[in-house]
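Q: Questions regarding the structure given below will be posed in turn.
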Amino acid sequence: MKYVTEYRDAASVGAVVDEIRRTLTKSWTLMEICGGQTHAIVRYGIDQLLPPEIELVHGPGCPVCVTPLELLDRALAIASLPDVIFCSYGDMLRVPGSGRDLFSVKAQGGDVRIVYSPLDAVELAQANPDKQVVFFAIGFETTAPANVMSVLHARTLGLTNYSVLVSHVRVPPAMDTILSSPACRVQGFLLAGHVCSVMGYHEYPELLNRYQIPMAVTGFEPLDIVRGVLAAVTMLEHGDVEIVNAYSRAVTFEGNSEAQAAIQRVFEVCDRKWRGIGVIPLSGWRLRPEFAAFDAELRFDVRSITAEESPDCVAGKVLQGLYKPQDCAAFGSTCTPEHPLGATMVSSEGACAAYYRDGRVTIHA
Ligand code: SF4
């Protein structure tokens with residue numbers, strides 16, 4: 001398959017790893033931001049292929065994992081209402097809220113549906129004018145264009161029975177939080193290629209200058225990842241502090257200006273709570289006041305629902321690269337994909353799920 005097969009070629013990956021080995025003179029700790037990259041790293045054993053001097057720690061870039069517990073509880077409350085069709089990506093259905101998940105709401109008779117695009121939810125609203133259709137609009141910058149397009153499309157169609165439950169987060173403020181922590185060990189970043197394909201990387205020089213930390217825009221296939229690692233290691237070894245685009249087949253400095261304009265039209269920046277981490281200033285998007293009619297939190301008056309995280313789940317530390325999944329006492333014992341305590345054990349982009357699926361299980365006494 002063009003643009004896939006050649007990026008999974010073992011000889012090409014091995015050649016880049018050899019170059020990394022030749023470049024290295026000391027140990028470095030890199031963080032990949034995106035959960036999709038974490039899964040590729042674990043699935044292809046890239047962390048085990050790299051020289052031991054390179055430690056990869058996993059970042060907060062899993063949208064399901066960082067959706068705050070209280071927003072999940074609000075989703076559960078809305079999905080339980082009669083005459084509501086609650087639409088979500090499949091990953092969210094097994095993520096535990098305070099007491100249950102969307103699957104259990106569905107089992108108890110709630111109309112919860114898995115969709116593959118918010119536009120599918122808009123079609124459902126057109127086809128079911130006597131129902132309220134709600135889309136759980138979670139994600140990073142990557143999914144924002146499709147979510148805002150669904151709102152614009154619903155408005156064009158004159159739909160009054162479509163709304164979105166928004167939990168959108170932005171990468172740069174999360175990196176700022178990670179870097180400002182006294183416990184931060186990260187010396188270089190692999191930036192999330194798909195986020196940068198939408199937003200470009202013009203937002204990152206400010207962080208680069210403030211923290212003096214090199215960054216490499218990185219894709220998702222094995223060859224993309226080791227190229228990103230090589231770019232970061234080369235900068236670190238030479239003392240260069242730059243942003244190198246190691247994913248130039250998909251990313252430009254400016255990004256997709258039309259997508260950015262659509263996001264700006266519908267969303268405004270806000271403070272946002274991240275599951276396990278807490279509130280990060282200016283780290284989210286919410287609907288602008290002129291789109292309030294599409295805001296599910298207002299329509300169903302669920303903003304008073306709040307929730308406290310379980311103290312047993314240390315996913316917040318995993319998401320900030322401070323712990324590896326095996327460092328959690330519950331990993332593989334009281335927390336498994338069948339009985340998850342936290343979202344990072346359920347999501348297809350969660351670090352705990354990646355380690356568990358790969359069999360990297362240490363049962364704690
Ligand atoms: S293993 Fe389970 S309890 Fe531990 S951090 Fe991961 S999701 Fe949370």
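The values are calculated or read from the model by the stated rules, or taken from the named source; none is laboratory data. On a predicted model such as this, the values are computed, not experimentally measured, just so you know. So basically every Cβ, Gly included, is an ideal-geometry build from the backbone, and we count neighbours across all protein chains shown.
Q: Would it be correct to say that Arg299 is at pLDDT 90 or above and within 22 Å of Leu93 (Cβ to Cβ)?
A: Working: at pLDDT 90 or above: yes; within 22 Å of Leu93 (Cβ to Cβ): yes.
Spelling it out, Arg299 is indeed at pLDDT 90 or above and within 22 Å of Leu93 (Cβ to Cβ).
Q: Is it the case that some residue within segment 329-336 is crowded, with 20+ Cβ neighbours inside 10 Å, closer than 17 Å to Val64 by Cβ and within 16 Å of the ligand (Cβ to nearest atom)?
A: yes
Q: Also, I was wondering about something else. Quick check, is Glu297 among the acidic types (Asp, Glu), away from the ligand (no atom under 16 Å from the Cβ) and in contact with a helix residue (DSSP H, G or I) (Cβ under 7 Å, 6 or more places away or on another chain)?
A: On the way: among the acidic types (Asp, Glu): yes; away from the ligand (no atom under 16 Å from the Cβ): yes; in contact with a helix residue (DSSP H, G or I) (Cβ under 7 Å, 6 or more places away or on another chain): yes.
Judged against the criteria, Glu297 is a match.
Q: Is there a residue in segment 283-296 that is farther than 28 Å from Leu30 by Cβ and of a type in the set (Lys, Arg)? Walk me through it before giving the result.
A: If we filter segment 283-296 for residues that are farther than 28 Å from Leu30 by Cβ, which is where we start, we get 286-296.
Adding the requirement that they be of a type in the set (Lys, Arg) leaves 286, 288.
Yes: segment 283-296 contains one or more residues that are farther than 28 Å from Leu30 by Cβ and of a type in the set (Lys, Arg).
Q: Still on this structure: Do we have Val233 as over 21 Å from Ile41 (Cβ atoms), assigned to a helix (DSSP H, G or I) and in contact (Cβ under 8 Å) with a residue 60 or more places away in the chain here?
A: Details: over 21 Å from Ile41 (Cβ atoms): no; assigned to a helix (DSSP H, G or I): yes; in contact (Cβ under 8 Å) with a residue 60 or more places away in the chain: yes.
No, not satisfied.
Q: Oh, and also: Any chance you could count how many residues in segment 236-276 are surrounded by 15 or more Cβ atoms within 10 Å (Cβ to Cβ), hydroxyl-bearing (Ser, Thr, Tyr) and either free of Cβ contacts under 8 Å to residues at least 24 places away in the same chain or closer than 21 Å to Val148 by Cβ (or both)?
A: Number of matching residues: 1.
Q: Just for segment 183-207: of the residues that are hydrophobic (A, V, I, L, M, F, W, C) and at pLDDT below 95, which one is nearest to the chain's Cα centre (by Cα)?
A: Only one residue tops the list, namely Cys184.
Q: Consider segment 313-328. How many of its residues are near the ligand (Cβ under 7 Å from one of its atoms) and out of contact with any Cys (no Cβ under 8 Å at 6 or more places or on another chain)?
A: Keep residues of segment 313-328 that are near the ligand (Cβ under 7 Å from one of its atoms), which gives 313-315, 318, 325, 328.
Those still in the list that are out of contact with any Cys (no Cβ under 8 Å at 6 or more places or on another chain) too: none.
Adding up the residues that qualify gives 0.
Q: Something else: For segment 337-355, enumerate the residues that are within 21 Å of the chain's Cα centre (by Cα), surrounded by fewer than 23 Cβ atoms within 10 Å (Cβ to Cβ) and farther than 13 Å from Arg275 by Cβ.
A: Pro337, Ser348, Glu349
Q: Taking the stated definitions as given, is Val302 more than 9 Å from the ligand (Cβ to nearest atom), closer than 30 Å to His202 by Cβ and of a type outside the set (D, E, K, R)?
A: no
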